[in-house]
């Protein structure tokens, strides 16, 4: 099964970075390839997340389960097509009052072998681009906070942005 690990140190507080990653319903606003995301209750401690993603004229919708351990870990798993297996873990570590180390680990395999060959070539670039887009979003939210606006915290218990 392919494995990818990405690391990035960012100049933003850990809780802010965590909240942007945890706010899955807003992914279509800033993450390339995300067309729609909705939450559908819980399976035990895991939030059910239905995602429509795509690119190059192809789209797919699948179910994943997300678990949250604020402010340090978010885990996303799926065995729904197109995946045979998807395991993504975001781990955040404070590096100071306004620095965070972001680590994204992904293990994945597609159900269709032919599609998997293509996906194996595209997915690392998609994750790198997604991480960069996420950091730009964190930067925008940080500027909004500094300017006096309140940024809603992701309410993962209900699967929506808190007030």
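The values are calculated or read from the model by the stated rules, or taken from the named source; none is laboratory data. For clarity, every value in this text was computed on a predicted model and none was experimentally measured. Using ideal geometry, Cβ is built from the backbone for each residue, glycine included, and neighbour counts are taken over all protein chains shown.
Can you confirm whether the stretch 106-129 contains a residue that is at pLDDT 95 or above, touching a strand residue (DSSP E or B) at 6+ places or on another chain (Cβ under 6 Å) and buried (at least 16 other Cβ atoms within 10 Å of the Cβ)? Checking the stretch 106-129: at least one residue is at pLDDT 95 or above, touching a strand residue (DSSP E or B) at 6+ places or on another chain (Cβ under 6 Å) and buried (at least 16 other Cβ atoms within 10 Å of the Cβ).
Of all residues in the stretch 42-71 being touching a helix residue (DSSP H, G or I) at 6+ places or on another chain (Cβ under 8 Å) and assigned to a strand (DSSP E or B), which is farthest from residue 90 (Cα to Cα)? If we take residues in the stretch 42-71 being touching a helix residue (DSSP H, G or I) at 6+ places or on another chain (Cβ under 8 Å) and assigned to a strand (DSSP E or B), then 55 is farthest from residue 90 (Cα to Cα). Taking the criterion of being farther than 26 Å from residue 99 by Cβ and either crowded, with 18+ Cβ neighbours inside 10 Å or touching a helix residue (DSSP H, G or I) at 6+ places or on another chain (Cβ under 6 Å) (or both), the only residue of the stretch 1-24 that qualifies is 2. Looking across the stretch 11-41, the residues that are closer than 13 Å to residue 68 by Cβ and not in a helix (DSSP H, G or I) come down to 23, 39.
Can you confirm whether the stretch 58-67 contains a residue that is surrounded by fewer than 18 Cβ atoms within 10 Å (Cβ to Cβ), modelled with pLDDT under 95 and touching a strand residue (DSSP E or B) at 6+ places or on another chain (Cβ under 7 Å)? Yes, the stretch 58-67 contains at least one residue that is surrounded by fewer than 18 Cβ atoms within 10 Å (Cβ to Cβ), modelled with pLDDT under 95 and touching a strand residue (DSSP E or B) at 6+ places or on another chain (Cβ under 7 Å).
If you go through the stretch 1-40 and pick out every residue that is more than 20 Å from residue 91 (Cα to Cα) and in contact with a strand residue (DSSP E or B) (Cβ under 7 Å, 6 or more places away or on another chain), you end up with 10.
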